[in-house]
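*Asks:* One structure coming up, written as structure tokens, with questions to follow.
Read-outs throughout are calculated quantities, based only on the coordinates presented, and are distinct from any laboratory measurement. Not measured: the values here are computed from a predicted model. All Cβ positions, glycine included, derive from the backbone under ideal geometry; neighbour counts span all protein chains shown.
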Amino acid sequence: MSEANHPDWRAYAEEMAQRAKAASMELARLAPGVKQKWLQQSARLLKERSVALAEANHRDVAAAPSFGLTDAQVDRLKLTPARIEAMARALEEVALLPEPIGEVIWSSVRPNGLLVQKVRVPLGVIFFIYESRPNVTADAAALCVKSGNAVILRGGKEAAHSNRAIVEVMMEAGADVGLPLDSVQLVGTPEREVVGHFLNLPQYIDLAIPRGGESLIRRVTAEAKMPVIKHFTGNCHVYIDASADPDLAERITVNAKCQRMGVCNAAESLVFHRAAADALLPRICAALARHGVEIRGDETTCRLFPQAKPAVEEDYFAEYLGPIISVKVVEDLNAAIEHINRYGSKHTDAVVTRDWNAALEFCRAVDSSAVMVNASTRFNDGGEFGLGAEIGISTDKFHARGPCGLNELTSYKYVVFGEGQVRE
């Protein structure tokens, strides 16, 4: 169906979703080797077509000023030769991950001889809506299809040419190896209206995943008639306990905040046990300041580090995604946990301590998708956790939490084998 001359976006969305549903039924029965060949062929073609991909990307980058993109956003938009190589390598890595579909998660032989198995199955059709970075197009398609799902991709208009070029390569690879038609589809219109129509098709689409700014995620969550995997913000904390090693505390905090500031697992809030504040707060705040980070703190913070600006309550809720951090001094571990659970976004929180009991209590009581002990918040990532890749990070509790890899894009069903048993 032609997007350019199609004013009936509801019909457009429904037809695309119907085709995806049909493809998902075929994918559920597909031999695992076909998906692996598709990923490997896609990787080969991405490398071979690097010049064409770069040309398509150049059109997007040239148009970036008209969309009001910042320098950081333009940088994320660019497909350099190294990034195209990395995109292809990521597909090769996903190809080598264990096949999730058909895995027997649990089994039991009942007293009557019935063999009961809990078997991993695909979700069906995933609607993935995202912004800017074109490499996400390949990553999302790879993870969805590897986990047996058809995917409908809706990227941002700022990356339209790049996304189309990538999807065309992956569709060509699919045709080469016999992947079901319409396993991967790209929404070809920038019309915002069409998103709402997709979100109202739970009879065809089983899951929606938004990845981008908070306004996008809140819109999808509000409008979707199917389940949504998402996180709104990444207000991640580093808590410096009374027994923290000074060198470790400084290294972890600086890495968590400064290694890459504009990402969801970067630290935005720093909390000190009062017993550690006198010695460590000036040192760590000075280290952050050397990296250009503005300190916004409570009264104690401003006294111990005079360059700090007074914080208001909104600062403790904020996801800055840039060179600002909030700082709070608390009386003890329990007060730190209370502060994090109140102001945090349930994304990633870290404790630096030499007290094993304090570490365990922090892990038990902090209600976040990932809790780090003596490690940077920046490690909350599918690749770093050994999942191979991720389609996003969820702060929900149903049905997935934390980095979402292949297993998080599946469900399960019970399969029961009998020999004529009947229930008395």
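*Asks:* Based on the Cβ-Cβ distance of Glu294 and Glu338, what FRET efficiency does E = 1/(1 + (r/R0)^6) give at R0 = 25 Å, to the nearest 0.05?
*Replies:* For R0 = 25 Å, the calculated efficiency reads 0.45.
*Asks:* Still on this structure: Peptides 63-76, 32-45, 405-418: what's the order by average Cβ count within 10 Å, highest mean first? Don't skip to the end; give the middle numbers.
*Replies:* Working: 63-76: 13.6, 32-45: 20.4, 405-418: 16.0.
In descending order of packing, they fall as 32-45, 405-418, 63-76.
*Asks:* Obtain the nm distance between the two label points defined at Glu55 and Leu248 by a simple spin-label model: each point lies 7 Å from its Cα along the Cα-to-C-beta direction.
*Replies:* Here the modelled spin labels are 5.5 nm apart.
*Asks:* Taking square-rooted eigenvalues a ≥ b ≥ c of the alpha carbon gyration tensor, is the chain rounded, prolate or oblate, where a/c under 1.5 means rounded and, failing that, a/b exceeding b/c means prolate?
*Replies:* Cα axes put the chain in the oblate bin.
*Asks:* Measure nothing fancy, just the Cα-based angle from helix 160-177's long axis to the longest principal axis of the chain, in degrees from 0 to 90, nearest 10.
*Replies:* Relative to the chain, helix 160-177 is tipped by roughly 50 degrees.
*Asks:* Could you list the residues of the stretch 262-284 with an amide nitrogen less than 11 Å from a label point located 7 Å from the Cα of Gln307 in the Cα-to-C-beta direction?
*Replies:* 283-284
*Asks:* Okay, moving on. What shape does the stretch 236-384 take by its C-alpha gyration tensor, where a ≥ b ≥ c are the square roots of the eigenvalues and a/c under 1.5 counts as rounded, a/b above b/c as prolate, and the rest as oblate?
*Replies:* It is rounded, given that a/c, with a ≥ b ≥ c, falls under 1.5.
*Asks:* Also: I want the antiparallel fraction of DSSP beta bridges within the stretch 97-233, as a percent rounded to 5.
*Replies:* 25 percent
*Asks:* Calculate the spin-label point distance for Ala286 paired with Asp176, positioning each point 7 Å from the Cα along the beta-carbon direction, and give it in nanometres.
*Replies:* The modelled label-to-label distance comes out at 5.8 nm.
*Asks:* Roughly how many nanometres apart are two label points built 7 Å out from the Cα toward the Cβ at Asn374 and Gln117?
*Replies:* 4.3 nm
*Asks:* Report, in degrees rounded to the nearest 10, the 0 to 90 angle that the Cα long axis of helix 135-146 makes with the longest principal axis of the chain.
*Replies:* Between the helix axis and the principal axis of the chain, the angle is about 60 degrees.
*Asks:* Could you work out how far helix 274-290 tilts from the main Cα principal axis of the chain, as a 0 to 90 degree angle to the nearest 10?
*Replies:* Helix 274-290 sits roughly 70 degrees off the main axis of the chain.
*Asks:* Kindly list the residues of the stretch 393-419 that lie in the label zone of Ala28, defined by a backbone N under 12 Å from the point 7 Å along the Cα-to-C-beta vector.
*Replies:* Flagged as within label range: 411-414.
*Asks:* If you take every DSSP beta bridge fully contained in the stretch 265-424, what fraction is antiparallel? Give it as a percent rounded to 5.
*Replies:* 10 percent
*Asks:* Something else now. How large is the dipole of the chain about the Cα centre if only Lys and Arg carry +1 and Asp and Glu carry -1, each at its Cβ, rounded to the nearest 20 debye?
*Replies:* Dipole size: approximately 560 debye.
*Asks:* While we're looking at this one, here's another question. Listed highest first by mean packing, meaning other Cβ atoms within 10 Å per residue, what order do 321-334, 354-367, 97-110 come in? Before the final figure, lay out the partial values.
*Replies:* Values: 321-334: 19.3, 354-367: 15.3, 97-110: 13.2.
In decreasing order of mean packing, 321-334, 354-367, 97-110 become 321-334, 354-367, 97-110.
*Asks:* For the chain, what is the mean residue ellipticity at 222 nm derived from helices alone (per DSSP H run of n ≥ 4: -39500 (n - 2.57); sum divided by total residues; nearest 500 deg cm²/dmol)? It would help to have the intermediate numbers written out before the result.
*Replies:* On the way: 15 runs with 182 residues, N = 424.
Per the formula, -13500 deg cm²/dmol.
*Asks:* Of the listed peptides 118-130, 222-234, what is their order by residue-averaged count of other C-beta atoms within 10 Å, with the highest listed first?
*Replies:* Order by mean packing, descending: 118-130, 222-234.
*Asks:* So, one more: Would you please state which residues of the stretch 309-339 a label at Ser215 would reach in this model, taking the label point 7 Å out along Cα→Cβ and a backbone N cut-off of under 11 Å?
*Replies:* none
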